[in-house]
Amino acid sequence: MIAPGIKRGTAELAVLSVLEDGPLHGYEMARRIEEQTHGSLRFTLASLYPLLYKLEKRGWVRGAWETSGTGRRRRCYRLTSEGKKKVAPIRREWAELFRALKQLTKVSHA
Amino acid sequence: MRDWKALVEERLASLALEPQEKAEVIAEVTAHLEEMCEEMLKQGLTEEEAVRRTLSRAGDWQVLRRRIFAAKRRKQPMKKRVWQLWVPGFLTLIVSMLFLTVLYRLGLRARLVSSGPNAILLYTPWLAGLPFLGALGAYLSSRAGGSRANALFVSVFPALALTFAFLFMFPFSLTAELITGRPVDFSHVATVLLKDGIGWIVAPGAALLIGGLLAHTLLSTRSSSQRAAIG
């Protein structure tokens, strides 16, 4: 189980990564992240939406209301060109951190 | 089927955003919960169980309100401080001064706590009302997304303002007396400062703080009980 403090740090990369595959609304984003991480990263409302609003303010994602086939209005988020540029450096930073932790702890799963 | 919109509106009622912005947040969170619950129903859960699990997965509403407010107001820290500290603080100060004036006009006098030259005057009718005003300040600050420290600062703001006035007046009057050549009795000044400090700063500050603490505890308990209901 991953501690909440560590999860919070990874949330930004998780959201940006799933949005690389295409626009998603909040629930679908949370569902995919949970599914792809086999339940290790699970978002609550308080961890997802404030983050999306922050990313939107930074101009990394853009939200727009869309109506689904069932008539439900949902806010879909997509990566902006600025957001797309940010994914690779953030991913590199995390990879670097994991490498450093791995060296430090000598734990192969770090 | 559960009315998710009503639930979200109730839980985010105190979210201090512009109406349009708040309506969008409510719509978005509602859609999230509706989809989550529907998916659980599709998986074969009973409606009761799906609703229970959806509420449980929603998380802490107080944290959600605070974080959304912070995220939406990220570029306006000054505005945030204004609404969490200065507006409720000055409002509490103004209301407490108006309250004091009204009591005075009604003929309700201060009460002498001890006799003799060192008697302390306590404005008991005013002091009795101050916890409510402290509570009001704490409530307004919390409503604007203020932390516990913000709420308590706001609740004692009238006492802090009086302290400032006191500290400003003391050297001012001392200088005036020195200029006019009147002899200054420092022991007398110290006694007056202590007496007035207790009557106008310490006692009102304590009364305001009690109100602020109670209001903040009550708001936190209410939020916790909501969380318990969710789980």
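Any read-out appearing in this document is the output of simple, stated calculations on the displayed coordinates, not a laboratory observation. Note that the structure is a prediction, hence the values are computed from the model and not measured. Quick reminder, even Gly has a Cβ in these numbers, built from the backbone with ideal geometry, and neighbours come from all protein chains shown.
Overview of values
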| quantity | calculated |
| --- | --- |
| Cα-Cα over 18 Å, subset of A:Lys57/A:Lys84; B:Lys5/B:Lys42; B:Lys5/B:Lys72; A:Lys54/A:Lys84; A:Lys57/A:Lys86; B:Lys22/B:Lys80 | B:Lys5/B:Lys42; B:Lys5/B:Lys72 |
| Span-like helix ranges in chain B, DSSP H, alpha carbon extent 20 angstrom or more, Kyte mean at least 1.6 | B:87-105, B:157-180 |
| Helix-only mean residue ellipticity at 222 nm for chain B, each DSSP H run of n ≥ 4 adding -39500 (n - 2.57), per residue, nearest 500 | -24500 deg cm²/dmol |
| Candidates A:Gly59, A:Gly71, A:Gly83: whichever shows maximal mean-square fluctuation once chain A is modelled as a Gaussian network with Cα springs under 10 Å | A:Gly71 |
| Relative contact order [Cα under 8 Å, 6+ residues apart], chain B, whole percent | 24 percent |
| GNM top mover of B:Ser56, B:Ser141, B:Ser96 - chain B, alpha-carbon springs below 10 Å | B:Ser56 |
| Convex hull of Cα atoms in the stretch B:4-75, direction-averaged projection (nm²) | 4.8 nm² |
| Helix-only [θ]222 nm of chain A, DSSP H runs n ≥ 4, -39500 (n - 2.57) each, per residue, nearest 500 | -20500 deg cm²/dmol |
| Sequence-separation-based contact order of the stretch A:47-110, relative, with Cα cut under 8 Å and 6+ spacing, percent | 21 percent |
| 12 Å beta-carbon shell around A:Val61, net charge (K/R +1, D/E -1) | +4 |
| Rg and Dmax [Cα atoms of the stretch A:67-110; Å; Rg one decimal, Dmax integer] | 18.4, 52 |
| The stretch A:22-110, Rg to Rh (Cα coordinates; Rh as Kirkwood inverse mean 1/r) | 1.06 |
| Mean projected area in nm² (Cα convex hull; one quarter of hull surface) for the protein assembly as shown | 26.9 nm² |
